[in-house]
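J.: Dropping a structure here in structure tokens format, bear with me for questions.
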Amino acid sequence: MWVEANKKEAFGIRAAGGSDTGCVRIRNEDAYLVDIEHGIFIVADGLGGHSAGDKAAQMAKELLPGIIHRRLVEAPPPCSSGDRMIGAILAKALEELSHLIRDAGNRQVECKGMGTTVVAAVFTPRHLHLAHLGDSRAYLLRGDCMRRLTEDHSIVALLVRQGEITPQEAETHPARGRLSRFAGMEGDVPAATITIDLEAGDRFLLCTDGVWGELSDAKIREILMQGNTPEVTCGILIEAGKQAGGQDNLTSVVVDVEEAT
């Protein structure tokens, strides 16, 4: 996809995604979307231990793009493609998705309580707009510096931020894996949002905890910096996660921002 930043400059986007069941799980409850034409990228992780987690993740993949598109079309001016109001629109889109997942679970006994994490990225001419619920993550590699763009919506992450436990203690804490926010939970779920100004050379990663839970940030950065194509990079990340244990499903989406040619 080529997106026009203005009459004199443009960015190109290359992207790919991949997913694997891992070394332990019987089925894959992750889902992802790579929609280069519309600049929409999604990673979702159906909640382990919840019924129909795979269905909830698929609902995120299948329903969220349409919700986002409708809300952008319906938004009052001046919500242009580069407007920072899009973050608020994305948050509302995730709230709507959460309601749909919860309602679907309530209608089907076998799906009662289903839910999913969601991290959604929307690229517009000058910006990346990001919204998320749960502990699927987004990273930005700019030059040789990698930055995590999301904060986990989990009990242990909250305890770490409050200084009640250390990051090392979080790795073995009894509440590890328990989420404080996810799509499908009761009530209105506030999604976290962020808008990033794009620069040529930016590399973005969206991934589930099956990837970042097995690989350190240093290892993720090392793989992203190798300069391989998005498709190859996704494969390397997933394989490295499996080699490190592969205890969960592993999903990654890599998006590269390039100068137009």
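J.: Arranged from highest to lowest average of other beta-carbon atoms within 10 Å per residue, in what order do the peptides 248-257, 96-105, 183-192 appear?
T.: Going from most to least packed, we get 248-257, 96-105, 183-192.
J.: Grab the other residues whose beta carbon is less than 14 angstrom from that of Asp152, score K and R as +1, D and E as -1, and report the net.
T.: For residues surrounding Asp152, the net value is 0.
J.: Over the chain, what is the mean sequence separation of C-alpha contacts under 8 Å (at least six apart), divided by residue count, expressed as relative contact order in percent?
T.: Value for the chain: 28 percent.
J.: Something else about it: Taking K and R as +1 and D and E as -1, what net charge do the other residues with C-beta under 10 Å from the C-beta of Leu128 add up to?
T.: Neighbour charge sum, excluding Leu128 itself: -1.
J.: Could you tell me which of the pairs Lys92/Lys219; Lys61/Lys112; Lys61/Lys242 are separated by over 28 angstrom between their Cα atoms in the structure shown?
T.: Cα-Cα > 28 Å for Lys92/Lys219; rest within.
J.: Let me make sure I get this right: for the range 119-202, a, b and c are the square roots of the gyration tensor eigenvalues over alpha carbons, sorted descending. Under 1.5 in a/c it's rounded, otherwise prolate if a/b > b/c, else oblate. Which is it?
T.: Because a/c hits 1.5 or more and a/b fails to exceed b/c, the range 119-202 counts as oblate.
J.: Show that you can apply the helix-only estimate: for the chain, add -39,500 (n - 2.57) for every DSSP H stretch of four or more residues, divide by all residues, and state [θ] at 222 nm to the nearest 500.
T.: My calculation for the chain gives -9500 deg cm²/dmol from helical runs alone.
J.: Using a simple spin-label model with points 7 Å from Cα along the Cα→Cβ vector, what separation in nm is obtained for Val24 and Lys112?
T.: Going by the 7 Å Cα→Cβ label model, 2.8 nm.
J.: Once a ≥ b ≥ c are taken as the square roots of the eigenvalues of the Cα gyration tensor of the chain, is the result rounded (a/c under 1.5), prolate (a/b larger than b/c) or oblate (a/b not larger than b/c)?
T.: On the way: a/c = 1.62, a/b = 1.17, b/c = 1.39.
Verdict is oblate for the chain.
J.: Using the Karplus equation 6.51 cos²θ - 1.76 cosθ + 1.60 (θ = phi - 60°), what ³J(HN,Hα) coupling, rounded to whole Hz, does each residue of the range 182-191 give in order, writing x for Gly and Pro?
T.: Whole-Hz 3J(HN,Hα) from phi for the range 182-191: 6, 6, x, 6, 5, x, 7, 9, x, 7.
J.: Once a ≥ b ≥ c are taken as the square roots of the eigenvalues of the Cα gyration tensor of the range 182-253, is the result rounded (a/c under 1.5), prolate (a/b larger than b/c) or oblate (a/b not larger than b/c)?
T.: Oblate, since a/c reaches 1.5 and b/c is not below a/b.
J.: What is the gain in length, in nm to one decimal, between Gln162 and Ile194 on full extension, counting 0.36 nm per residue of separation less the C-alpha to C-alpha distance?
T.: 9.4 nm
J.: Taking the mean number of other Cβ atoms within 10 Å as a proxy for protection, how do you rank 112-118, 37-43, 157-163 from highest to lowest? Before the final figure, lay out the partial values.
T.: Details: 112-118: 25.7, 37-43: 19.9, 157-163: 13.6.
Highest-to-lowest ranking by the protection proxy: 112-118, 37-43, 157-163.
None of the figures in this text is laboratory data; all of them are computed from the coordinates on show. Given the structure is predicted, the values throughout are model-derived calculations rather than measurements. Using ideal geometry, Cβ is built from the backbone for each residue, glycine included, and neighbour counts are taken over all protein chains shown.
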